Amino acid sequence: MNGKGSIKLQGNKETVFTSLLDPDVLRNCIMGCKELIQQEENVYKVDLSVGVAAVKGKYDATMRLADVSVPESYKLIVHGEGGPGFVDAEAEIHLVDVDDSKTELTYTYEAQVGGKVAAIGQRMLGGVAKLIINDFFKKIKKELERMNALEGELH
């Protein structure tokens, strides 16, 4: 399954890029993320417990960042396995300045699933993938707005 989208985020490109690589921000924004541990630079072990339709279950995943071009873009590569099956996904993330305080993030992704979870059908999986991705970006947007408000209070 494939998809794409874009979202405008509070903060300049550098701030947004740094936030997208911050393990604490990622832990708070990835749906069902119980644990996110950095194993080496740009490689994380992720413990996920996802509860959406037949995708419900626990997944042990590895999340790796590749082709990192600070603060413009990177590729996110995820491989996860669990009781419901497996997921392999790649996403391309690109950041473009809108103005001094806003950045547009555009993304494209491609994902494959297998095992029991694949039996529910690609149409339903596409909807679940979209739900998880939209949830992630909504949370990132809120996190950046919260960080921006805190920064404003400090000045």
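Select, from Glu35, Glu40, Glu72, the only residue that is free of Cβ contacts under 8 Å to residues at least 12 places away in the same chain and either more than 13 Å from the chain's Cα centre (by Cα) or more than 19 Å from Glu110 (Cα to Cα) (or both).
Details: Glu35 fails: free of Cβ contacts under 8 Å to residues at least 12 places away in the same chain; Glu72 fails: free of Cβ contacts under 8 Å to residues at least 12 places away in the same chain.
Result: Glu40 is the single residue among Glu35, Glu40, Glu72 that is free of Cβ contacts under 8 Å to residues at least 12 places away in the same chain and either more than 13 Å from the chain's Cα centre (by Cα) or more than 19 Å from Glu110 (Cα to Cα) (or both).
Is it the case, given these coordinates, that Ser101 is over 20 Å from Gly3 (Cβ atoms) and either among the hydroxyl-bearing types (Ser, Thr, Tyr) or open to solvent by less than 40 Å² (accessible area, probe 1.4 Å) (or both)? Reasoning before the result, please.
Working: over 20 Å from Gly3 (Cβ atoms): yes; either among the hydroxyl-bearing types (Ser, Thr, Tyr) or open to solvent by less than 40 Å² (accessible area, probe 1.4 Å) (or both): yes.
Answer is yes for this residue.
Counting only residues that are in contact with a helix residue (DSSP H, G or I) (Cβ under 8 Å, 6 or more places away or on another chain) and open to solvent by 40 Å² or more (accessible area, probe 1.4 Å), give me the strands (runs of 3 or more DSSP E) lying completely in the stretch 1-57 with at least 1 of them.
On the way: elements: 2-10, 33-40, 43-50.
Output list reads 2-10, 33-40.
Which residues, counting only those in the stretch 64-123, are part of a loop (DSSP other than H, G, I, E, B) and more than 20 Å from Asn42 (Cα to Cα)?
Filtering the stretch 64-123 down to residues part of a loop (DSSP other than H, G, I, E, B) leaves 70-72, 83-84, 100-101, 121.
Across the stretch 64-123, the qualifying residues are Gly83, Pro84, Asp100, Ser101, Gly121.
Would you mind telling me which numbered condition in (1) hydrophobic (A, V, I, L, M, F, W, C); (2) out of contact with any strand residue (DSSP E or B) (no Cβ under 7 Å at 6 or more places or on another chain); (3) under 18 Å from Asn134 (Cα atoms) Leu48 fails?
The single condition Leu48 does not satisfy is (2).
Can you name the number of the only condition in (1) under 12 Å from the mean Cα position of the chain (by Cα); (2) modelled with pLDDT of 85 or more; (3) not aromatic (Phe, Trp, Tyr) that Ala129 fails?
All conditions are met except number (2).
The values are calculated or read from the model by the stated rules, or taken from the named source; none is laboratory data. Values in this document were obtained by computation on a predicted structure and should not be read as measured data. FYI the Cβ positions are ideal-geometry reconstructions off the backbone, even for glycines, and counts take in every protein chain you see. We work out accessible area using only protein heavy atoms, side chains counted, and drop any ligands, DNA or RNA first. Shrake-Rupley method; radii C 1.70, N 1.55, O 1.52, S 1.80 Å.
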